[in-house]
Amino acid sequence: MLLTEASAVEAVIKACELLEDDPRFNAGTGSVLQSDGQIRMSASLMDGDRQRFSGVINVSRIKNPINLAQFLQSSDDRILSDYGAMELVRELALPQYDPLTEIRLMEWMQERRGDFSREMAGVIAEKELVEDTAGRGTVGVVVLDTAGRIAAATSTGGKGFERIGRVSDSAMPAGNYATAAAGVSCTGIGEDIINECLAARIVVRVVDGIPLPKAFARSMQEAQQNRCDLGAIGLDAAGTIAWGKTSEILLAAYHTGDTIGDTLEWEDETLTGYLPS
Ligand code: ASP
């Protein structure tokens with residue numbers, strides 16, 4: 001898409017839809033269940049070029065929450081929560097869709113037997129779950145297009161087994177943020193990401209002149225000192241790509257236009273990595 005001059009916003013939306021549709025990830029189809037056995041999804045889109053954020057919080061019965069965020073980009077009211085988001089689904093006449101998968105239901109039933117003792121569902125941060133088909137997390141995409149515009153999108157089913165009404169970082173600038181200078185998308189325990197205001201923190205550092213790899217390194221060191229469990233991907237306007245984590249693992253991949261790479265082999269103690277532009 002990008003090679004044929006699609007915009008960064010178009011490309012992040014498409015990539016986010018594909019990941020939402022893949023049942024292995026905790027977003028759209030395959031989202032984790034909340035404590036009451038319901039799926040409530042959150043997604044956001046940030047157009048760095050226009051510096052405009054939009055999102056939905058705790059929406060149900062829809063295939064691609066990112067499409068609601070896409071619609072809200074041009075709306076006066078740009079972040080809608082549960083009731084309002086459902087009204088928007090009705091208004092747009094989007095078909096009803098059940099994102100539940102068997103494996104997520106089994107996971108919830110198992111957890112219910114254990115009285116929801118785990119902190120969160122099998123999303124990220126637990127290495128043994130990577131082999132498990134249910135063990136993949138929130139999805140995030142950051143894009144730089146041929147015109148130099150940046151966009152970021154993040155979509156999640158939440159951390160799993162949470163209280164009704166819990167709000168994820170994924171539809172906040174803490175979890176998804178971009179300007180003309182850089183874009184970042186986060187995953188991990190939402191409360192930790194919010195405490196660090198991670199996406200905005202990294203991006204603002206870049207805006208203030210700190211190179212992206214340093215902005216990642218400093219922010220991840222701080223997050224680790226604060227005992228946070230999180231990860232992030234990002235890029236800057238020059239095309240530098242960076243990633244970071246305080247959690248055990250981070251599953252990320254990049255495409256520069258020429259090269260493709262990923263973080264699948266990244267299991268050591270380093271907090272960050274990057275690919276120069
Ligand atoms: N950040 C998400 C949340 O806490 C979960 C995740 O990234 O897997 O809602």
message: Just the residues that are more than 13 Å from the chain's Cα centre (by Cα) and among the small types (G, A, S), please, taken from segment 152-177.
response: G160, G165
message: Scan segment 117-133 and tell me whether some residue there is out of contact with any Leu (no Cβ under 7 Å at 6 or more places or on another chain) and either modelled with pLDDT of 90 or more or more than 22 Å from K245 (Cα to Cα) (or both).
response: yes
statement: Counting only residues that are surrounded by fewer than 18 Cβ atoms within 10 Å (Cβ to Cβ) and within 25 Å of G37 (Cβ to Cβ), segment 65-85 contains a total of 4
task: Return only the number of the condition from (1) at pLDDT below 60; (2) more than 15 Å from the ligand (Cβ to nearest atom) that V89 does not satisfy.
output: (1)
field: Residue among D145, D98 that alone is of a type outside the set (A, V, I, L, M, F, W, C), open to solvent by less than 20 Å² (accessible area, probe 1.4 Å), away from the ligand (no atom under 16 Å from the Cβ) and modelled with pLDDT of 95 or more
entry: D145
query: Mind checking which residues of segment 37-59 are away from the ligand (no atom under 16 Å from the Cβ) and either among the polar types (S, T, N, Q) or open to solvent by 40 Å² or more (accessible area, probe 1.4 Å) (or both)?
result: D49, R50, Q51, R52, S54
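Taking the stated definitions as given, is A223 at pLDDT 95 or above and over 22 Å from T138 (Cα atoms)?
No.
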message: Give all pairs with beta carbons closer than 8 Å in which a residue from segment 16-40 that is assigned to a helix (DSSP H, G or I) meets a residue that is open to solvent by 40 Å² or more (accessible area, probe 1.4 Å); count only pairs at least 6 apart in sequence or on separate chains.
response: E17/N67; L19/F25; E20/K63; D21/K63
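Tally up the residues in segment 239-277 that are over 12 Å from P213 (Cα atoms) and either of a type outside the set (K, R) or touching a Lys or Arg at 6+ places or on another chain (Cβ under 8 Å) (or both), please. Steps first, please.
First, pick out the residues of segment 239-277 that are over 12 Å from P213 (Cα atoms): 245-270.
This time we only want the ones that are either of a type outside the set (K, R) or touching a Lys or Arg at 6+ places or on another chain (Cβ under 8 Å) (or both), so: 246-270.
Result for segment 239-277: 25.
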- request: Give segment 155-182 a look and list any residue that's within 8 Å of the ligand (Cβ to nearest atom) and in a strand (DSSP E or B), or say none.
  value: T156
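The values are calculated or read from the model by the stated rules, or taken from the named source; none is laboratory data. A quick note: this is a predicted structure, and the numbers were derived from the prediction, not measured. Heads up, the Cβs are rebuilt from the backbone with ideal geometry, glycines too, and the neighbour counts pull from every protein chain shown. Each accessible area value is taken on the protein alone, full model and side chains, heavy atoms only, with ligands, DNA and RNA left out. Shrake-Rupley method; radii C 1.70, N 1.55, O 1.52, S 1.80 Å.
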